[in-house]
Structures are given as C-alpha cells and as structure tokens.
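What follows is a short report on a single structure.
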Amino acid sequence: MANGNGKKNKKKIIVFSVIGLLVIVLVALVFLGSRRETIIAVQTEKVQRRTITQIVSATGKMQPETQVKMNAEVSGEIISLPIAEGERVVRGQLLCRIKPDAYQAQFERAQAALAMNQAALMKSEAEFTRVKELYAKKLVADADMDIARAGYESAKAAYDQSRASVKEARETLAKTTIYSPMDGVVSQLNCELGERVSGSTFTQGTEIMTIADLSRMEARVDVGGFDVVLVAVGDTARVAVDAYPDRKFVGTVTQIANTAKSTGLGTQNEVTNFEVRILVHTPPGVSFRPGMSLTADIETETKPNVLAVPIQSVTVRMPKKDMPAPEPQDAAQLDATKKKVEDKPDEVVFLVKDGVATTAIVKRGISDDSYVEVSGKDLEGADVVSGPFKAINRELENGAKVKVESKPARHIAAAAN
C-alpha cells in the first residue's frame, strides 16, 4: 500500500516538473522575442535630379472648332435638299429650299400696297404744293393749309410703312432659300426632302443641318475646379483619342471657361467642372469626327533639374518635439502652442543608411505620374525608401532597422518606361 502511494507521488512530481520546465521555456522565448528588434523589408531608390512636368488629365469629346447649325427661319415644306450628310460644301452653295408660294404672295401684296401708297403720296404732295402756293398769296385760309399738310404727312407715313412691309416680305421670302455660310462638311442632316419645318423671327426654328469645318478640330474636356487654376491658355496637351489607341496627338489650350457647369446638382454626386478647349494639330491621314471620346494630358508646368523622389515615398508623420518645461504663468499658452504644433503632421521621406531608416522633412513641389519634386536637407544622392506602401505609410519610424530588398520585376519595368 505504501509502495503504491510512493509511485503515485513520484509520477506527480515528474508531471509537474515537466509542466514547470515548459512554462519556463515559454516565458524565456517570449522574453527573448520581445527584446529582438524588428527588421522591416524595404525597397530604395536614389534621390536624383530630374525634369518634372506637371500634368492635369481630363476626358472629353472631339468637336469642330467652327460649326454652324442651320435652323429654319420660316415655316413650310422642304422642296429641295440637294446635299447629303458627309458631303463637302462651299460658302454660298445651295443647301435647302422651303416652299416659297405663300411668302411670294405676301411679297407681291406688299409691292402692290407700296405702288398704291406711292400714287396717293404723289397726289397728296401735288395738292399740298398747290395749297402752299395759294397760302403764300393769302388766297386760302389757315384751316385749308393745315388740312393739306396733314393729308400729305399721312400719305407719306403710309408710303414709308409700305416700303418697310416690302422690305420685310422680301427678307422673309429670301429665308426660304438657305445657302452655306462657310466652307465645310455637312456633319449632321436632320431633315428630309418633303418634310415640313417650322420657324419664325422670334423663336428658334427646326434644326435642319449642321455645317462644320473638320479641318480644325478641338478637344473639349472637363477639368475639375481644383485643377483648372493650374491650366493656362497656350499650355501643351497630349491627346489620346479612343479611335486611335496607339497614337497621341499634340494640342494647344485655346480657351478656358469662366463659368463652371455642374452635374448632379443638390445630390451627393454633384460634380463641378470647367470646359477647357484644346486645338488639336491633325496630322495627314488622320480623320477626326465630332463626338469621338478622348483623354487629354495638359502639361501645366515643367521644371528641369530638380530633386525628385517617387510619389509614394512622401508620407506624413506627426512631429515629436521636446517642449521645454513651461513656467507657471505661461503654462496654458504653451500647452495651446504645443497642441497646435503636434496637430499638424510633417511631410517626410525615409532615408536609409547602414540598415537604419531616418526621417527627413521635405517640402513638395510639382509632380508627374511617377515622381514629385522635393526640397530638404541632405537629400541628393541619398537612398530613399520607395516601397512597400505599407511600410512607408504605417510601419517605418525614425531609427527603424531595415533590410533593403531588390524591387519586383514589374516595378523595374515600370521605372524603365
């Protein structure tokens, strides 16, 4: 019985000894692991001088620089339409004729009224001349003179009104025939022969066609309110037209809208843009058409020979500055100053030397698609951390231990391009 209890106690001692040893080993591993420094894997790039071209990108449509919409100014049936959509026309060429019968009759009535009033004026003028001569000899009374003068003036007013009516009727009749106001192409034809159109002097009539000069095309793009202040007339633009996917065309900014246009007004998706027009230099063999979709990269500023780092290298960190112990009377003021300083983050890059990353405060300048201009102390020729994004954005701090790795192949290819 005693021997059985002794064996049990011996087993318990062995079990507890093993458990205790395991606990000691785990505590030791945790303690040693906590004291081991974390080494962050990064990629670096030399800070070099480059030429930076700042670009504002925008999308839009291709449109003719000059186009005229031909609207009916009189109502009637189209009796002649000797052109087709896409046809080239010259200034003064007949485009459309509207049935003129009613307007011809109106013109002839106005002419007849003019002839009648002209005869009445001649008669009244002769009578007024006769009475005026008699009045000079004091052979007629003042009342007779007044009646003759009034008759003449009334006849003259009627004659002038008739002349105006003839002029109006002639112009209305002329509007039944439409001629091309410019050399160009019929880019859009909205009506057909025999169709009835409406129009008047006071309202916009039926749109019959559009004449456009396709030899001078412009890109009309929408630029956001934050970017439009960077764009100036005369800036160079590189235009990529969807219809020509492997080419880029050079253009020049010719006009910037003064008034914004908004979409989605009053909603969360409200967008405010300004229209920018870019005259595109069309090379031989290229045929742009109105409405083609495009993307324009407007080169707003170029700076040669400036220090530049990859865009992703610049991040922000809250400043860590040792504040002097405040005197009792200035404590509240210094606390407010300290809070103001600490609330504003610094723009920094991380420079690597001997396996250690140090923060360097920088000031941004202009940027292109890949690099941003920076200014700061001891930057030129230094190795700046260019990736990964997670390390730059969150993990790295001043004095962190790092291990420099080579860039992935896709990054090397992108940098070469």
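Values in this text are rule-based calculations from the coordinates and carry no lab data. All of these numbers come straight from a predicted model, not from anything done at the bench. Backbone-built Cβ (ideal geometry, glycine too); neighbour counts: all protein chains shown.
Data table
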| read-out | value |
| --- | --- |
| Rule-of-thumb Rg ratio for segment 215-301 [Cα; 2.2 N^0.38 Å; N residues] | 1.15 |
| Cα-based Kirkwood hydrodynamic radius, segment 101-174, one decimal, Å | 13.6 Å |
| Residue 318 paired with residue 398, simple spin-label distance in nm, labels 7 Å along Cα-to-beta-carbon | 1.5 nm |
| Residues with amide H under 5 Å from that of residue 177, placed H, sequence gap 5 or more | 98 |
| Nearby aspartates and glutamates by direct alpha-carbon distance to residue 403 (threshold 15 angstrom, same-chain neighbours under 8 apart not counted) | 37, 45, 354, 383, 395 |
| Residues with amide H under 5 Å from that of residue 371, placed H, sequence gap 5 or more | 311 |
| Loop-located chymotrypsin sites (Phe, Trp or Tyr not before Pro) in segment 189-283 whose Cβ has at most 11 other Cβ within 10 Å (DSSP) | 202 |
| Computed lengthening from residue 91 to residue 133, 0.36 nm per intervening residue step minus Cα-Cα distance | 9.4 nm |
| Lysine pair count for segment 54-169 [Cα-Cα under 30 Å; pairs on different chains or 8 or more apart] | 13 |
| Projected label distance in nm at residue 195 and residue 149, using a 7 Å step from Cα toward the beta-carbon | 6.0 nm |
| Gain on full stretching of the segment that runs from residue 354 to residue 23 - 0.36 nm per residue minus C-alpha separation | 115.3 nm |
| Net length gained if the chain between residue 38 and residue 229 were fully extended (0.36 nm per residue, minus Cα distance) | 64.2 nm |
